[in-house]
Ligand SMILES: Cc1ncc(COP(=O)(O)O)c(C=O)c1O
């Protein structure tokens, strides 16, 4: 019954783990969920108020498919000022979540058999989005040791159309260095490739500076920036993302949007506008809390014997489990013996097979309790 397109596409591992956690919880178990890919904070009050105002003013109908103009203008301003990329409203499309922007991009630029380079491990949706659009993922390892130009070269062919990067990164938490970005930009120019740069965690960064690859020489014309409001403003359920793309690609994405979802939710767009235009103190506050949690979870994970790098961005700790069996075995053990839910690393690509991902979008008590349970499990 199902199309060939869907063969080899797995259910989203992160969403699946969330369901397992919920089921165990509903059965009365005291489950500690470390698989969440969303901030556990409430959406800031002033953003919710803006949505209520939009509702009262009757903005409850379809809006322009590319997004309301005020929001597209504001996003273009942000991209020019913060990311040093010369964008205008014509480059911006507002989508129902960054995920939808990624699909629209894939459907707009990939033909059957086109190859796309992914840095291994990568967020689960990257591989699926490429495959659903008929593309072929090609993995280049970028785990702990950094990105090598030669490794990129080894996966390129005449069919290569694009490279996808994500910095700060989910699931590893690295931030690509200026040198890695420079090498990637050089590689893209030399092989005439498009670059998808997923910058959704740009604000959730600890002591590093976010740099968009689109700001490098000759890169804007070949880069599509993906970003959104889910992580920065704790707005996952509002479904507002965006892409900043060369005008021709933006128009292609717009066609897919017009014929699939019509537009991103109207009320949520007004809320997003307020999020961008208001004080960013709420973001600073949330990032401060993420940093405290990061410091605690990394220290405790290493103390209990789970080796873990210090993530420089996003809210995930990617933990090496090679002393405790495969990622899947260790995930199952955590679930059965400690009622702890994590995501197995292989869900993110072949390089993840000796790792599990802990999300620290959870309270400090939750983190401490989880680490205690693991300590007991090992004793
Ligand atoms: C790297 C990355 N990009 C995009 C998204 C999805 O964002 P949105 O909620 O805007 O669809 C996620 C969510 O986990 C993510 O980790």
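The values are calculated or read from the model by the stated rules, or taken from the named source; none is laboratory data. Given the structure is predicted, the values throughout are model-derived calculations rather than measurements. Methodologically, a virtual Cβ is constructed for each residue, glycine included, from the backbone with ideal geometry; neighbour enumeration extends over all protein chains shown.
Values computed for the structure shown
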item: Verdict on residue 102 being more than 16 Å from the ligand (Cβ to nearest atom), touching a residue at least 40 places away in the same chain (Cβ under 8 Å), crowded, with 22+ Cβ neighbours inside 10 Å and in the same structural domain as residue 222 (by TED's automatic domain parsing); result: no
item: Every residue from the range 52-88 that is assigned to a helix (DSSP H, G or I) and either more than 26 Å from residue 225 (Cα to Cα) or not assigned by TED's automatic domain parsing to the domain that holds residue 101 (or both); result: 52, 53, 54, 55, 56
item: Any chance residue 32 is buried (at least 18 other Cβ atoms within 10 Å of the Cβ) and not assigned by TED's automatic domain parsing to the domain that holds residue 240; result: yes
item: Test: residue in the range 251-259 that is out of contact with any strand residue (DSSP E or B) (no Cβ under 8 Å at 6 or more places or on another chain), more than 14 Å from the ligand (Cβ to nearest atom) and modelled with pLDDT under 95; result: no
item: Criterion violated by residue 285 - all others in (1) free of Cβ contacts under 8 Å to residues at least 60 places away in the same chain; (2) outside the structural domain of residue 94 (by TED's automatic domain parsing); (3) crowded, with 16+ Cβ neighbours inside 10 Å satisfied; result: (3)
item: Test: residue in the range 106-117 that is surrounded by fewer than 15 Cβ atoms within 10 Å (Cβ to Cβ), without any contact (Cβ under 8 Å) to a residue 24 or more places away in the chain, within 29 Å of residue 277 (Cβ to Cβ) and assigned by TED's automatic domain parsing to the domain that holds residue 180; result: no
item: Unique residue being touching a strand residue (DSSP E or B) at 6+ places or on another chain (Cβ under 7 Å), at pLDDT 85 or above and surrounded by 14 or more Cβ atoms within 10 Å (Cβ to Cβ) when the list is 13, 76, 54, 50; result: 76
item: Residue count, the range 167-187 (criterion: touching a strand residue (DSSP E or B) at 6+ places or on another chain (Cβ under 9 Å) and either buried (at least 24 other Cβ atoms within 10 Å of the Cβ) or assigned to a loop (DSSP other than H, G, I, E, B) (or both)); result: 11
item: Subset of the range 128-155 [in contact with a helix residue (DSSP H, G or I) (Cβ under 6 Å, 6 or more places away or on another chain) and part of a loop (DSSP other than H, G, I, E, B)]; result: 133, 143, 147
item: Flag for residue 291 being within 25 Å of the chain's Cα centre (by Cα) and either at pLDDT 95 or above or closer than 16 Å to residue 31 by Cβ (or both); result: yes
item: Of residues in the range 174-191 being touching a residue at least 24 places away in the same chain (Cβ under 8 Å) and out of contact with any helix residue (DSSP H, G or I) (no Cβ under 8 Å at 6 or more places or on another chain), the one nearest to residue 281 (Cα to Cα); result: 175
item: Which numbered condition residue 318 misses (of (1) under 25 Å from residue 19 (Cα atoms); (2) part of a helix (DSSP H, G or I)); result: (2)
item: Where residue 370 falls short, out of the listed (1) more than 21 Å from the chain's Cα centre (by Cα); (2) free of Cβ contacts under 8 Å to residues at least 60 places away in the same chain; result: (2)
item: Qualifying residue in the range 193-207 (condition: in a helix (DSSP H, G or I), buried (at least 23 other Cβ atoms within 10 Å of the Cβ) and modelled with pLDDT of 95 or more); result: no
